[in-house]
Structures are given as structure tokens and as C-alpha cells.
1. Keeping to the range 46-69, report how many residues are part of a loop (DSSP other than H, G, I, E, B), more than 16 Å from the chain's Cα centre (by Cα) and more than 19 Å from I188 (Cβ to Cβ).
2. Could you run through the range 2-46 and say how many residues are without any contact (Cβ under 8 Å) to a residue 40 or more places away in the chain, touching a Gly at 6+ places or on another chain (Cβ under 7 Å) and among the aliphatic types (A, V, I, L, M)?
3. Quickly run through the range 133-165 and pick out the residues that are more than 17 Å from the chain's Cα centre (by Cα), in contact (Cβ under 8 Å) with a residue 12 or more places away in the chain and outside any loop (DSSP other than H, G, I, E, B).
4. Scanning for something open to solvent by 20 Å² or more (accessible area, probe 1.4 Å), closer than 25 Å to Q41 by Cβ and more than 10 Å from the ligand (Cβ to nearest atom), does the range 128-144 turn up at least one residue?
5. Step by step: first the residues of the range 208-247, then only those that are within 13 Å of the ligand (Cβ to nearest atom) and not in a helix (DSSP H, G or I), then the one that is most open to solvent (accessible area, probe 1.4 Å). Which residue is that?
6. Among the listed residues K222, K190, which satisfies the condition of being of a type outside the set (A, V, I, L, M, F, W, C), within 20 Å of the chain's Cα centre (by Cα) and more than 29 Å from T131 (Cα to Cα)?
7. Can you give me the number of residues within the range 117-127 that are assigned to a loop (DSSP other than H, G, I, E, B) and surrounded by 20 or more Cβ atoms within 10 Å (Cβ to Cβ)?
8. Would you mind stating whether L116 is in contact with a Leu (Cβ under 9 Å, 6 or more places away or on another chain), within 30 Å of G77 (Cβ to Cβ) and in contact (Cβ under 8 Å) with a residue 60 or more places away in the chain?
Amino acid sequence: MTDQIRTEVQGNIIIIRLNRADKKNALTGDMYNGISDALDQLENDPGLRAGVITGTEDCFTAGNDLVDFLNSSGIGGESPVGRFLRTLPHLSKPLVAAVNGPAVGVGTTMLMHCDLVYAAPGAKFQMPFATLGLCPEAGSSLLFPQLIGYRKAARLLMLCEMFGAEEAVEMGIANEVVAAEEYQALAITKAEQLAKLPPRSIRVTKQLLRKGNEEQLRAIMKLEEDYFTEMLQGAEAKEAFSAFLEKRKPDFSQFS
Ligand code: COA
């Protein structure tokens, strides 16, 4: 158990808070396991009907901890990331995200598996997998082109451009931009609303909304997992991670 993931049960909902502010809530293996434990609790406790995932006041998450990535064996199998990426898309109960500040890497891709997303004006989304010598994960290589079209997906997943809360709403990645003082409270209110509705009806609706994509999503996530795990050991990723930790620009000129 890590105190960098805090969970709180309020009536019929569980609130999951990423809590490692000094490292921008970058996710370690222990933190992925903490989130998966909380999602399992939501799934298995009949008293719980909805969840909220959020960060600290001004930061959602800087994505996977890059130091962890340097020593990681991959994102598949029994790895903490693998467990998280299996658990989240299979959650049958609704999950609401509240985002402010950086939502990088899995901080953005996990939102595609949430049902409602509320963003504060300071939210900044980015999926810098390609610039890190990696490739998309969490089904993002399927879900983003489906949602926003190929051109925009290429801008976000190849150029890895950052985008803000307004654009996230325009693209359908977030529902609404909400003042920084209110975005977490609104997400909790929406989760409470969901928790008051007929629970089976909500679960079946969620299942049906996602059913059409199930096979394709499973196939692409397996492909992403294989590439990602292999590329994590590659020279391009090593250069990108070292550059980040040494606070310099990466140099990919030697690669073909
Ligand atoms: N892994 C490990 N440490 C991270 C991290 C990450 N993903 N993101 C931030 N940190 C650490 C920084 O190294 C720094 O640590 P230090 O104070 O010991 O030097 C601390 O968190 C604060 O980060 P900093 O970069 O100074 O904050 P910022 O507000 O200027 O920028 C980000 C915030 C999120 C834009 C920037 O930290 C960033 O780009 N992080 C990397 C994101 C990333 O590539 N994630 C992986 C996606 S797969």
C-alpha cells in the first residue's frame, strides 16, 4: 500500500486521489497498484456505485514515472501498468475524472476509459509517447482517431502537441471546463448523481456504449503492449529518458 494513492469512500462513491505532488503525481508501480486496488474495490463492493479519479489541486499526473520506466520490464503481463491497463477498461461501474494541470501520457489516455471528464482551465493534456521513443498505449491508437479523426490524432500522437481544456472539450475528450475551485466538487456531484440512478441500468448502458469496440480494442491494446514493451528497452527511449533526467534536449540524429 502506498499513501501516494489516497482513497475515500463517501456514501456510494469512491474517490481516488493521485498524491505525489513533488513529482507531479508521476505514477510508480506502487501507485498503479494502488489505483487498481481502488478500482477493484469499486467493482467488487456492491455498496459502491461510481468512482472519481483526480490528482492534487493543480496537477492530474505527469504520466508514468520515467525513472521507473528506465528500470521497467514493460507494460504487459503481471506488471503494475499491465494490471492497471487490464482493470480500467473492464470496469463495469462509472468512473468520473477531474483534471487540472498536467495530464501527460497515461494521464490523458486513461481519460478515454473514464465515462465523464471535467477539466479546470489550467488542464494541459499531452501524449508524448513518440517523442520518448515509445508508442501509444491504453488503446489510444484506436480511440483517438475514432474520436477526433486521423489528422488531429496524428498531431497529438506523432507531433505530441500539448492541448488545453477548451480544446479537450471541443474534441470530446472532456465534457466541460469548470473553474479551478469547482472542478473536483462537480466531478463528485456527477458521480453522486450516477450513484443514485438504477445501478444495473447504468452498468448495462456503459457496457453497451463500449461493446462495439471491444474486439478491436483488445487487439490494438495487445499490439501496443508488445511494441511498447520492446521499445522501452530500445536505444531511442533510453536517449529520451536520459535527456529528461539530465534536463537536456534529446538527440535522435544517430537513429535510423
Ligand atoms: N517521471 C519522473 N519524474 C517526473 C516526471 C515523470 N514523468 N514528471 C515530472 N517529474 C519530476 C521532475 O523530474 C521534477 O523533479 P525534481 O524536482 O526532483 O527535479 C518534478 O517532478 C517537477 O517537475 P518539473 O518538470 O520541474 O515541473 P514542470 O511544472 O516544469 O513541468 C511537466 C511539468 C509534467 C510538464 C514535466 O515535468 C514533464 O514533461 N514531465 C515528463 C512527462 C512525461 O514525459 N511523462 C511520461 C509520459 S509516457
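The values are calculated or read from the model by the stated rules, or taken from the named source; none is laboratory data. Here the structure is a predicted model, which means the values were calculated and not measured. Positions of Cβ are backbone-derived with ideal geometry, glycine not excepted, and every protein chain shown enters the neighbour counts. These accessible areas exclude ligands, DNA and RNA; they are computed on the full protein's heavy atoms, side chains included. Shrake-Rupley method; radii C 1.70, N 1.55, O 1.52, S 1.80 Å.
1. Initially, the range 46-69 is screened for residues part of a loop (DSSP other than H, G, I, E, B), giving 46-49, 55, 57-58, 60, 62-63, 65.
Then keep just the ones that are more than 16 Å from the chain's Cα centre (by Cα); that gives 46-49, 57-58.
Imposing the further condition that a residue be more than 19 Å from I188 (Cβ to Cβ) reduces the set to 46.
Qualifying residue count for the region: 1.
2. Qualifying residue count for the region: 3.
3. Scanning the range 133-165 gives Q146, I148, K152.
4. Scanning the range 128-144, I find no residue that is open to solvent by 20 Å² or more (accessible area, probe 1.4 Å), closer than 25 Å to Q41 by Cβ and more than 10 Å from the ligand (Cβ to nearest atom), so the answer is no.
5. At the first step, the residues of the range 208-247 found to be within 13 Å of the ligand (Cβ to nearest atom) are 224, 228, 231-232, 237, 240-247.
Remaining after also requiring not in a helix (DSSP H, G or I): 246-247.
On the way: E246: 115, K247: 185 Å².
Filtering first and then ranking leaves K247.
6. Numbers: K222 fails: more than 29 Å from T131 (Cα to Cα).
Only one candidate qualifies: K190.
7. Going through the range 117-127, the residues assigned to a loop (DSSP other than H, G, I, E, B) turn out to be 120-123, 127.
Going one step further and asking which of them are surrounded by 20 or more Cβ atoms within 10 Å (Cβ to Cβ), we end up with 120, 123, 127.
The number of residues fulfilling the criteria is 3.
8. Working: in contact with a Leu (Cβ under 9 Å, 6 or more places away or on another chain): yes; within 30 Å of G77 (Cβ to Cβ): no; in contact (Cβ under 8 Å) with a residue 60 or more places away in the chain: yes.
Answer is no for this residue.
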